Every structure is written in C-alpha cells, then in structure tokens.
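A short worksheet on the structure shown next.
Coordinate-derived values only; no laboratory data. Since we're looking at a predicted model, the values are computed, not measured. All Cβ positions, glycine included, derive from the backbone under ideal geometry; neighbour counts span all protein chains shown.
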Amino acid sequence: MQEFLQQLVNGLVWGSAYALIALGYTMVYGILRLINFAHGDVYMMGAYSALFISGWLTAAGAPVAHSPVWAMVAMLGAMAAAGLLGFFIERLAYRPLRTAPRLTLLITAIGVSLFLQNIAQLAFGSEPRSFPELIASSTILQVGSVTLSNQQAIIIAVSVILALALQVIVHRTSIGRAMRAVSYDREAAALMGISVNRVISFTFVLGSALAAAAATLIALNNPLVTPTMGVQPGLKAFVAAVLGGIGNIYGAMAGGLVMGVAEVMIVGYGSSGYRDGIVFAILIIVLLVRPTGLFGSPVTERA
Amino acid sequence: MLRINDLHVYYGAIYAVRGVTLEVGPSEIVTLIGSNGAGKSTILRTISGLQRPRSGSITLNGTELTRMEPDAIVRAGVCQVPEGRHVFANLTVRENLELGGYTLARPSDRQEAIERVLERFPRLRERLKQYAGTLSGGEQQMLAIGRALMARPRVLLLDEPSLGLAPQLVHDIFAIIREINQQGTAVLLVEQNAHMALGIAARGYVLETGSVVLADAAHNLLNNPEVRRAYLGE
Ligand SMILES: Nc1ncnc2c1ncn2[C@@H]1O[C@H](COP(=O)(O)OP(=O)(O)OP(=O)(O)O)[C@@H](O)[C@H]1O
Ligand SMILES: [Mg+2]
C-alpha cells in the first residue's frame, strides 16, 4: 500500500508535467485542427532556455539553489523564450499553409520538429547537459515510508497554479472568449471583429510557455538536457491529450495525470522496459474504444 | 455609403460572382434576391473579407475595404449576420453578445451595448446564461442579429434571416430589421423570400448566376412580371 502511494505521488509529478505539455497540443488542435508535432521540441528548447538562464544567474553570483525565487526567474524566462519560439513557428511555418490541406500542415509540423532537434544539436551539442541545482532537495512530508520532496511538491503546486491561470484566461477574459469562438467557428469569429491571426498567435505563445514551464519543473528532478529530450514527453503528452479528448482543456489535464500515473505504475509493478511502450498501448486502446477520449465530445467538422 | 464596383469572385475554377456593381445608401434597406447558387452569400462574404475577390472594389464612404482583414472591416462599421446564423453554440448567450462587442474598447461599453440589444430582444434576457445551442431557431436568429448589432455597425449585412423560421417569426424579424434601419443603420438584405424582402426594402437587385440582371426600386420589382414569375411564385 505504501509503495502504491509512493508510486502515485511520483506518477502525479510526471503527470502534472505531461498535463502542462498536453495543454499546448490540445489548444493548438482546438484552434487549427493541427497536431503540432513540434510541441515536444518546444518543450526541449524551453529546457535549454531554463538551463542557460540558470547558468547565467549562477555565473552572475545569484544564490540559485538556495532561493526558489531564482528557479522562478529561470522558469519565467524559459516561458518567455519558448513563447517567442512558438510565435515564430506558427508565423513562419504554419501560417503560410493556413489554407493548405491538413496533411501538408502535419508534414510541416514533423519537419519543424526535426529542424528544432537538429538546430539544438548544432548549437548545444548532442552531449547531455546538466542543470545546476535549482532548488536544494529536502523531504517536506513523510507518512510512513511515503515521502514527498519539496521539489515534487513544487512541481505539482506550480502545475496546478498554471492550469488554474489558464482556466481564468480561457473562461474569464476577452482573448480567452475569442479563443473559444475561433476554435468553435473561425469564420463566425472573424465576423465578430476578432483577429483570428492574433488569437492563433496567442494560442501558440500560451501553449509553448506552458511547455517551457513543464520543462523547468521537470528539470528540478531530472536535470539532464539533450536535443532529443522532447520526443518522449511530447509523445506522451500528445497521447494524454488524445486520451482526454483532443481539443478539450480539462481532458488534457486529466489525461496528463493518468498518463503519468500509468507510466510510473507500469515501471514500478511491471518492467521499466515497458515504460515507453505503455504510451502506444494507451493510444491504441483509446483509439479503439473511445476515439473521442474520456471527455471529448466528437469533434464537429464544419465546411 | 457601401459601394461595390465590378466585383468578380471565384472559388477555384468556379466563377461565382461575375462583375457585380451595387450600392447601399446611408440608412437605406437594399435587398439582393436570387435563386439558390446565384452568388448572394458570396457577395456578402466578400464584403466581410471572408472571401478574396479576383478583381473589383468595395468601399465604405470612400474607404477601400477590398483587401482588409475581416476584423478591420468590422471595425470600419460593416457587420454581418451570416447564413445559417452561426451562433457559438457552446458559449452562453451573454458570451455570444460579448463576442459581438469584441471591438468595443471598454467592458463598460460592452455592458451598455448588451443592455441596448436586450431592450430590442427581451426574450434573450431570460436566456443570458443558457448555451446558445439550446435556443430555438428563432431565438438563435435574434441572437445572431443582436450579436451583430453589438458593435453598432453603420452597415448591416443579413444573409437569409428568414431561413427556416415560422411565418410569424419571419414577420417579427422583418419588423425588427425595419426598426434597426429606422434608427440609422443601412441594411443589405439577402433573401429568397423576395416578397417580404421587397416589402421592406427601398431598392432591390436581382442576381442570376453571378450577375445583376435587374436593379430597380422595390415597388417596381414587386410589379415586374418577370420577377413575379421567377421569385414570387406567380
Ligand atoms: N466554398 C465553396 N467552394 C466552391 N464553390 C462554392 C463555394 N461556396 C459557394 N460556391 C458556389 O458558388 C456559387 C454561388 O454560391 P452562393 O453560396 O454565393 O449562392 P447563394 O446565392 O448564396 O445561394 P443560396 O441561396 O443557396 O444560399 C454556387 O454555384 C456555389 O455552388
Ligand atoms: Mg447563400
């Protein structure tokens, strides 16, 4: 039982990161009907940004490991950098193809993904790089043999805060209302005087920033950064988004948590060899049993 | 006020609008009638910037709208109630109205505009918190019109507002259109219900396969034997 609870905690930690990444997939899908396969690589770029920012902070003499403020600075900086990257990806790669067939867009997304990985390899090398310690680890909660570290608590807490902030943006602000309108009916939204291009840009910035936040949070626990580090989490978050019903924000959050827990449980009780296989198993099962996902209403296609 | 000059619009190889010239004067109701596929919606979509013309020009009080983005055209004062209403079914009635007022700068302006629209459509007031998808067809049409009025357009484009509505509701909607017009909004009304449309319009254009074949005062069109035969079912 205690082991189970410990696994659950570990699963929720990964799950919150997947949830944050899944939000980007699901929002972009909701608005463009595009599976943005480059999203995992935006996560990777977010990790490098956080790495460099915390490196500069350390070099500048900031007591990085001793105050969560600096981790926060690194995270916000990485979010800004990834947001900018997301903005340019949409602007340069996807916007010119706005009226092209969907398949063209999908292939372009895969191209952008490979491009980002190669750029990262060229610029940062293929050797893993390691984060400085952002927050010194300590156990803040222990029940029996179940422990919760401060890092784990921060990952979960910050994810929850960001998810709530996103809810507020989507449901309580004018731009959020515009996002929902564009995703429901792009032309009708344009007739309201909404700049569809601006809403799409905003969506990419938001999703990319959340991916960078996830990358920084995960780095607290797993400090190694490589050019291909985005592939697996990207894939899992994508499946999480499908699991929750792609296009559905609550679904992405729930799907992320389920993915994280399922993965950790499989590794804990099964074999770590299945760790990455589980994602495909879940994907296939969802597509067979409930293609619209747990929370999805069928995606309505409009002419 | 709104002036369309020699407009040509294609969908790929389909030549949908073939050199249309028409005009809507300030505080005038002008109707555009024609059978299915004549190109009426295409003209409205092109005015709103949803469709790019091959050539021709669209101006509002001399300002060129032709290459503007749809949102800029709304801000210039041209709003459209599209064919089939296209309310945001997954949003509440209030949210739909707020979206109609998207171009209004301040939330207080938006609130004021909502009040103004609710005065015209009291039935929407009881439904503010309901999802637009749960409204009846007539209520959705009222919402679609109310939403378009939020931004206080100078020209209102209406694409078949009577489509699929019971006769009594059609009557109500036309009365409302006339009222909106009397308060100073120019209206370009696309209709298949030629009788009703010509009844409230000052002038009308008859469109056939992308071209204007007749343009005249509404009462002349009502008495035109060809129009009576082709569009008034006589
Ligand atoms: N998206 C499109 N792609 C290709 N052809 C189109 C498209 N939309 C309309 N058309 C064609 O353009 C022509 C004009 O269509 P349009 O919708 O403007 O007619 P309409 O007068 O509004 O008809 P209705 O009374 O049925 O609404 C038709 O031949 C139609 O088939
Ligand atoms: Mg039409």
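Check B:Q80: other-chain or 5+ apart residues with amide H under 5 Å from its amide H, H built from backbone geometry?
B:L157
Between B:R228 and A:S272, what FRET efficiency comes out of the Förster formula 1/(1 + (r/R0)^6) with R0 = 56 Å and r the beta carbon distance, rounded to 0.05?
With a Förster radius of 56 Å, E is 0.10.
Taking the inverse of the average 1/r across all pairs of different Cα atoms in the protein assembly as shown, what Kirkwood radius in Å do you get?
25.8 Å
Between the alpha-carbon centers of region A:230-251 and region B:7-63, tell me the distance in whole angstrom.
So the two Cα centres are separated by 43 Å.
So how tilted is helix A:231-244 from the main axis of chain A? Cα-based, degrees 0 to 90, rounded to 10.
For helix A:231-244, the angle is close to 60 degrees.
Could the peptides B:49-56, A:255-262 be put in order, highest first, of the mean number of other beta-carbon atoms found within 10 Å of their residues?
Ranking, from highest mean packing down: A:255-262, B:49-56.
Net charge within 10 Å of B:K40 by Cβ-Cβ distance, Lys/Arg positive one each and Asp/Glu negative one each, not counting B:K40 itself?
It works out to a net charge of -3.
At a 10 angstrom cut-off on C-beta neighbours, averaged per residue, how do the peptides B:95-101, B:112-118 rank from highest to lowest?
Output ranking for B:95-101, B:112-118: B:95-101, B:112-118.
Please list, in order along region B:212-223, the HN-Hα scalar couplings obtained from phi with the Karplus expression 6.51 cos²θ - 1.76 cosθ + 1.60 (θ = phi - 60°), rounded to whole Hz, x for Gly and Pro.
7, 9, 8, 9, 6, 4, 4, 5, 5, 5, 4, 9
How large is the Kirkwood hydrodynamic radius of region A:200-284, counting all unique pairs of alpha carbons, in Å?
Radius from the Kirkwood sum: 13.8 Å.
What distance in nm lies between label points placed 7 Å from Cα along the C-beta direction at A:I119 and A:I175?
My value for the distance between the label points is 2.2 nm.
Taking the Cβ-Cβ separation of B:E83 and B:I14 as r and a Förster radius of 30 Å, what is the calculated FRET efficiency to the nearest 0.05? Could the numbers behind the result be given before it?
Details: r = 18 Å, r/R0 = 0.58.
My answer for the efficiency is 0.95.
How big is Rg to Rh over region B:75-223, alpha-carbon atoms, Rh as the Kirkwood inverse-mean-distance radius? Before the final figure, lay out each step's value.
On the way: Rg = 15.7 Å, Rh = 15.9 Å.
Rg/Rh: 0.99.
Take every DSSP beta bridge whose two residues both sit in region B:140-227, then give the antiparallel share in percent to the nearest 5.
Bridges in region B:140-227 are about 55 percent antiparallel.
Mind listing the long-range amide H neighbours of B:S211? Cut-off is under 5 Å, sequence gap 5 or more, other chains count too, H placed in the peptide plane at 1.01 Å from N.
Residues meeting the criterion, in which the H sits 1.01 Å from N, are B:R18.
For region B:117-185, state which GluC sites (Glu not before Pro) are in a DSSP loop and have at most 16 other beta carbons lying within 10 Å of their beta carbon.
Answer in residue order: B:E126.
Region A:100-177 to region A:18-97: how many Å between their Cα centroids?
Distance between centres, Cα-based: 7 Å.
What nm value, rounded to one decimal, do you get for the distance between A:L224 and A:H66 when each label is placed 7 Å out toward the C-beta?
The answer from the label model is 3.0 nm.
Report the one residue of A:V258, A:A189, A:L20 whose Cα lies farthest in the direction of the positive end of the charge dipole of the protein assembly as shown (charges on C-beta: Lys and Arg +1, Asp and Glu -1; origin at the Cα centre).
Going by the Cα projections, it comes out as A:A189.
From the phi of every residue in region B:79-90, what ³J(HN,Hα) in whole Hz does the Karplus formula 6.51 cos²θ - 1.76 cosθ + 1.60 yield, where θ is phi - 60° and glycine or proline is x?
Karplus-based 3J(HN,Hα) across region B:79-90 equals 10, 10, 9, x, 4, x, 6, 6, 6, 7, 5, 8 Hz.
Would you calculate a helix-derived [θ] at 222 nm for the protein assembly as shown, using -39,500 (n - 2.57) for each DSSP H run of n ≥ 4 and dividing by the full residue count, to the nearest 500?
Details: 21 runs with 300 residues, N = 537.
Dividing the helical sum by the residues of the protein assembly as shown leaves -18000 deg cm²/dmol.
Using only the C-alpha atoms of region A:23-229, find the volume of their convex hull and express it per residue in Å³.
Hull volume normalised by residue count: 135 Å³.
Report the full-extension gain for the segment B:T21 to B:D172: residue separation times 0.36 nm, less the Cα-Cα distance, to one decimal in nm.
The B:T21-B:D172 span can extend by a further 51.3 nm.
Once you have the Cα-Cα distance between A:Q2 and A:L106, take 0.36 nm times their residue separation minus that, and quote the gain in nm to one decimal.
Fully extending the segment from A:Q2 to A:L106 adds 33.0 nm.
Please compute the alpha carbon radius of gyration of region A:105-206, then divide it by the globular-protein estimate 2.2 N^0.38 Å. Two decimals is fine.
1.62
Hey, rough spin-label estimate for B:D6 and B:K129, points 7 angstrom out along Cα→Cβ, what's it come to in nanometres?
According to this spin-label approximation, the distance is 5.8 nm.
Can you give the Rg to Rh ratio for region B:157-217, taking only C-alpha atoms and Rh from Kirkwood? List each step's numbers first, then the result.
Details: Rg = 11.9 Å, Rh = 12.3 Å.
Reported Rg/Rh, Kirkwood definition of Rh: 0.97.
Per residue of A:180-189, what is the mean number of Cβ atoms on other protein chains within 10 angstrom of that residue's Cβ?
Partner-chain Cβ atoms within 10 Å, mean over residues of A:180-189: 6.
Quick one: Cα centre-to-centre distance for region B:160-194 and region B:68-107, in angstrom?
The two parts, judged by their Cα centres, are 19 Å apart.
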